[in-house]
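The block underneath contains the structure these notes are about, expressed in structure tokens.
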Amino acid sequence: MVTLKEKLKDIGAVILLWLMMAWEDIKDIFTTVIVTLLVVTLINTFFFKIVVVSGTSMYPTVKSGSIGFSNIISRKLTGIERFDIVVINAEDRGKNLIKRVIGLPNETITYSQGKLYINDQEYSEDFLDQDYVISQTGGTKLFTGDFTYTLGSNEYFCMGDNRLVSADSRIYGPFTEDEIIATNIFVIYPFSEFGIRNGN
């Protein structure tokens, strides 16, 4: 009569035999997973930042739920320009922020009656969706409230396109060059939103 101990021994032997036969496949799968994770980490650190949009601060330019990537290389090669859409490393807030650069170092930013002035020169904000602005304000209130802010030598004033709900430099203060880690966003999902979102 076969004892329970012998049965378990036989089952163990079968499992061991199966593992030995499957080892090459398991090793290949494990290697593929490790290499893939390393490649994704390297790309996400040095080349393109993977972006998953959560929230409506950039609506309708970039919609909540969108997935894409932002350009780390371009940020390092060409720098940061006015009206660039940028990814900001905001570790103290537990997430990255997606905003638009409005003011550059040493500039004075003023909004008066909904108009943008930089060092007393008026700038047009053509990137704002005027139909959306009117739908949110009824044409009777300001989309961007009045304020003035003077930036330091390494400070950037960044705001969301959805001014009525965006938590940005108006609340957090300016961001430094080191905090801005990537520029522009190429949306790959949803497919209906496929394409680049940049400073235009």
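What does the charge add up to near Phe48, with Lys and Arg as +1, Asp and Glu as -1, over the other residues with Cβ less than 13 Å from its Cβ?
My count for the surroundings of Phe48 gives +3.
I need Val133, Val33 ordered by Cβ neighbour count within 10 Å, fewest first.
By the 10 Å Cβ count, ascending: Val33, Val133.
Amide H to amide H under 5 Å from Phe83: which residues, 5+ apart in sequence or cross-chain, H placed 1.01 Å off N in plane?
Hits under the 5 Å cutoff: Val101, Ile102.
Using the Cα gyration tensor of segment 53-197, with a ≥ b ≥ c the square roots of its eigenvalues, what is the shape: rounded (a/c below 1.5), prolate (a/b larger than b/c) or oblate (neither)?
Judged from the Cα gyration tensor, segment 53-197 comes out oblate (a/c at least 1.5, b/c at or above a/b).
Can you give me the long-range amide H partners of Phe48? Hydrogens built in the peptide plane at 1.01 Å from N, cutoff under 5 Å, separation of 5 or more residues or another chain.
Amide H neighbours of Phe48, under 5 Å, 5+ apart: Ile72.
Placing +1 at every Lys and Arg Cβ and -1 at every Asp and Glu Cβ, with all other atoms neutral, what dipole size does segment 53-197 have around its Cα centre, in debye to the nearest 20?
360 debye
Just to check I understand the Karplus step: with θ = phi - 60° and J = 6.51 cos²θ - 1.76 cosθ + 1.60, what whole-Hz values come out for segment 78-86, glycine and proline as x?
Taking θ as phi minus 60°, the curve returns 9, x, 10, 10, 4, 6, 4, 7, 10 Hz for segment 78-86.
Taken together, the values in this text are just the output of simple stated rules run on the coordinates, not laboratory data. Not measured: the values here are computed from a predicted model. All Cβ positions, glycine included, derive from the backbone under ideal geometry; neighbour counts span all protein chains shown.
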